[in-house]
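S.K.: Dumping the structure here so I can ask a few things about it.
The values are calculated or read from the model by the stated rules, or taken from the named source; none is laboratory data. This one's a predicted model, so the numbers in the text were calculated from it and none came from an experiment. When we count neighbours, we look across all protein chains shown, and the Cβ atoms used for this are built from the backbone with ideal geometry, even at glycine.
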Amino acid sequence: MSDTGMSDTVESGAPAPRPRRRLLVLLPLVVFGALAALFLTRLIDGDPSRVPSALIGRAVPAFDLPPLGGLTRDGAPVPGLASADLAAGKVTVVNVWASWCVPCRQEHPLLVELARDPRVTVVGINYKDAPENARRFLGALGNPFARVGADENGRTGIDWGVYGVPETFVVAGDGTIRHKHIGPLTPEALATTLEAAIAAAAAR
């Protein structure tokens, strides 16, 4: 038997490649790479507020938060916040904040300004905060919130997909989340993306 014949026999006995199995192995890597590239792009362009949210276009998660103890506004106790309050027929701006959050302090004057807009109701989710510190924060800077829910264990923040405070959501009158802004609000964001989201939500 010639060497060539032996070589042919060995090659013909080798297992055939399995391209389908190889594809299944590579598919998760491709998906992970695509997601990593997306988030890297968001970081490079310097605008973390553009990170997408799976909640856009969906109803707000079900929640029922107690009020921030001892917080008053115009002499009356400020009520807590529940999902039912966000489907009352009016556009609501939901701000997730905490007294220990430095960017929350930076954006706060813009929330006070926004609360004067008759198209919207501004409400707050106080995230993993001490009630006395939260009250002191609003006492010093002003309270733009018609309602404040105390999310002391952060569970509601998780349900809302919060990456970190501050975050701001625009909710249409039917309780559907229309926009999410990650990080502190800026005058530019208030005048452009947030304004557009409020106008679109009000038109629904």
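S.K.: Could you please give the count of residues in region 89-119 that are without any contact (Cβ under 8 Å) to a residue 12 or more places away in the chain and under 19 Å from VAL162 (Cβ atoms)? First the steps, then the outcome.
M.R.: Quick first cut of region 89-119, residues without any contact (Cβ under 8 Å) to a residue 12 or more places away in the chain only: 102, 116, 118.
Filter once more, keeping what is under 19 Å from VAL162 (Cβ atoms): 102.
Residues in region 89-119 being without any contact (Cβ under 8 Å) to a residue 12 or more places away in the chain and under 19 Å from VAL162 (Cβ atoms): 1 in total.
S.K.: Criterion first (of a type in the set (A, V, I, L, M), surrounded by 19 or more Cβ atoms within 10 Å (Cβ to Cβ) and more than 20 Å from ALA88 (Cα to Cα)) does VAL171 satisfy it?
M.R.: no
S.K.: Give me a count of the residues in region 133-152 that are part of a helix (DSSP H, G or I), small (Gly, Ala, Ser) and within 12 Å of ALA98 (Cβ to Cβ).
M.R.: 1
S.K.: How about region 59-91: which of its residues are surrounded by fewer than 15 Cβ atoms within 10 Å (Cβ to Cβ), outside any strand (DSSP E or B) and aliphatic (A, V, I, L, M)?
M.R.: The answer is ALA62, ALA84, ALA88.
S.K.: VAL112 fails exactly one of the following numbered conditions: (1) surrounded by fewer than 20 Cβ atoms within 10 Å (Cβ to Cβ); (2) touching a Gly at 6+ places or on another chain (Cβ under 6 Å); (3) more than 16 Å from LEU190 (Cα to Cα). What is the number of that condition?
M.R.: Here VAL112 clears every test but (3).
S.K.: How many residues does region 163-190 hold that are modelled with pLDDT of 95 or more and in a loop (DSSP other than H, G, I, E, B)?
M.R.: Residues flagged as modelled with pLDDT of 95 or more and in a loop (DSSP other than H, G, I, E, B) within region 163-190 amount to 10.
S.K.: Can you tell me which residue in region 115-150 is farthest from the chain's Cα centre (by Cα), limited to those that are surrounded by 20 or more Cβ atoms within 10 Å (Cβ to Cβ) and charged (D, E, K, R)?
M.R.: ARG135
S.K.: Then there's this: Take THR176 and decide whether it is of a type outside the set (D, E, K, R) and either surrounded by 20 or more Cβ atoms within 10 Å (Cβ to Cβ) or more than 19 Å from the chain's Cα centre (by Cα) (or both).
M.R.: no
S.K.: Restricting attention to region 100-136, which residues are in contact with a strand residue (DSSP E or B) (Cβ under 8 Å, 6 or more places away or on another chain) and more than 19 Å from HIS181 (Cα to Cα)?
M.R.: LYS128, ASP129, PRO131, ALA134
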